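Chemist: Once you've had a glance at the structure underneath, I'll fire off some questions.
The values are calculated or read from the model by the stated rules, or taken from the named source; none is laboratory data. Computed from a predicted structure; not experimentally measured. Here the Cβ is made from the backbone with ideal geometry for all residues, glycine too, and neighbour counts use every protein chain on show. Accessible surface areas use protein heavy atoms only, side chains included; no ligands, DNA or RNA. Shrake-Rupley method; radii C 1.70, N 1.55, O 1.52, S 1.80 Å.
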Amino acid sequence: MPVIEEIENANALIVGASQGIGLGFVKALLQDDSIAKIYATYRHADSAKELLSLQQEFVQKLVCLTMDITQESQISTAVENISAETDKLHLVINCVGILHEGEIQPEKSLRQINPENLIRYFQVNSIGGILLAKHLQPLFKHKEKNIFACISAKIGSIGDNRLGGWYGYRASKAALNMFMRTTAIEYSRRCPKTIVVTIHPGTTNTKLSQPFQRNVPPEKLFPVEHTVRLLLGVITNLKSEDSGEFFSWDGSRLPW
């Protein structure tokens, strides 16, 4: 069954594909005959060695592009490079996100709030997503079904927040949810065949979650391949009326 219903020879873009869930999506889609072309972005070649080796193996199907999601000029250039080859995308998944980076760690209390760290959380987790929506819009204006999904997090749900802490990560993911909800409304007028969603992947065994896995029950710590399979299942079942919604890995809707 095609990932995008009734679309053969689909074009996909995976943003943040050098490792973790993004790389997992690339590997899965390379084995999917309904996907004709995969564009995959990475920030640094030294952390994207496995992705770049896949490009050498799948020369006709996989195109790798350098892109820092916090730099609008790089997003624009990457989209221009894609547009030179095709005028339509059918599946875009934004997998970029940070929870910890260098000295940036999730805050346990208000005493640890640092304005520069908050700005970095929002640059990567929130603003990058809306810049993608801005620049990718022309590639969504075709008449075939297409999906724009951003990896969010249940911890970004305001209604579900009962533990507190992790201020920057929570707030930046909540902002991403609002950005995508608002994008879905505008896209419904400008490119009405596009379904825009945010998706919670569950706790996945990646570098992002590794420092915080100690208290996660084994059955709730997903291997990357399992997470990707679950999320592709959610994506495959999306309908037009689902645009603007926030889903969990099991297909259930999450509260804002």
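Chemist: Give Val197, Val234 a once-over and let me know the one that is in a helix (DSSP H, G or I), at pLDDT 95 or above and open to solvent by less than 70 Å² (accessible area, probe 1.4 Å).
Modeler: Working: Val197 fails: in a helix (DSSP H, G or I).
One residue alone meets the criteria, Val234.
Chemist: Are any residues in region 179-194 surrounded by fewer than 17 Cβ atoms within 10 Å (Cβ to Cβ) and in a helix (DSSP H, G or I), and if so, which ones?
Modeler: Those that are surrounded by fewer than 17 Cβ atoms within 10 Å (Cβ to Cβ) and in a helix (DSSP H, G or I): Thr182, Ile185, Glu186, Ser188, Arg189, Arg190.
Chemist: Could you grab me the full set of residues in region 4-21 that are open to solvent by less than 10 Å² (accessible area, probe 1.4 Å) and over 16 Å from the mean Cα position of the chain (by Cα)?
Modeler: Narrowing region 4-21 to residues open to solvent by less than 10 Å² (accessible area, probe 1.4 Å): 4, 10, 12-15, 17.
Hits for region 4-21 are Ile4, Ala10.
Chemist: Kindly provide the set of residues from region 4-33 that are touching a residue at least 60 places away in the same chain (Cβ under 8 Å), closer than 28 Å to Ser47 by Cα and in a loop (DSSP other than H, G, I, E, B), ordered by number.
Modeler: Answer for region 4-33, where residues must be touching a residue at least 60 places away in the same chain (Cβ under 8 Å), closer than 28 Å to Ser47 by Cα and in a loop (DSSP other than H, G, I, E, B): Gly16, Ala17, Gln19.
Chemist: Now a separate question. Checking Lys37 against (1) over 21 Å from His200 (Cα atoms); (2) at pLDDT 95 or above; (3) assigned to a helix (DSSP H, G or I): exactly one of these is not met. Which one?
Modeler: Exception for Lys37: condition (3).
The rows are residues; the columns are (1) crowded, with 17+ Cβ neighbours inside 10 Å; (2) of a type outside the set (Asp, Glu).
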position	(1), (2)
Gln56	no, yes
Gln60	no, yes
Gln74	yes, yes
Asp87	no, no
Asn94	yes, yes
Glu103	no, no
Tyr121	yes, yes
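Chemist: Something else: Which number in (1) open to solvent by 70 Å² or more (accessible area, probe 1.4 Å); (2) under 24 Å from Arg43 (Cα atoms); (3) β-branched (Val, Ile, Thr) marks the one condition that Ile158 misses?
Modeler: (2)
Chemist: Given (1) in contact (Cβ under 8 Å) with a residue 12 or more places away in the chain; (2) acidic (Asp, Glu); (3) over 30 Å from Lys193 (Cβ atoms); (4) open to solvent by 40 Å² or more (accessible area, probe 1.4 Å), identify the lone condition not met by Glu107.
Modeler: Going through the list (1) in contact (Cβ under 8 Å) with a residue 12 or more places away in the chain; (2) acidic (Asp, Glu); (3) over 30 Å from Lys193 (Cβ atoms); (4) open to solvent by 40 Å² or more (accessible area, probe 1.4 Å), Glu107 breaks only (4).
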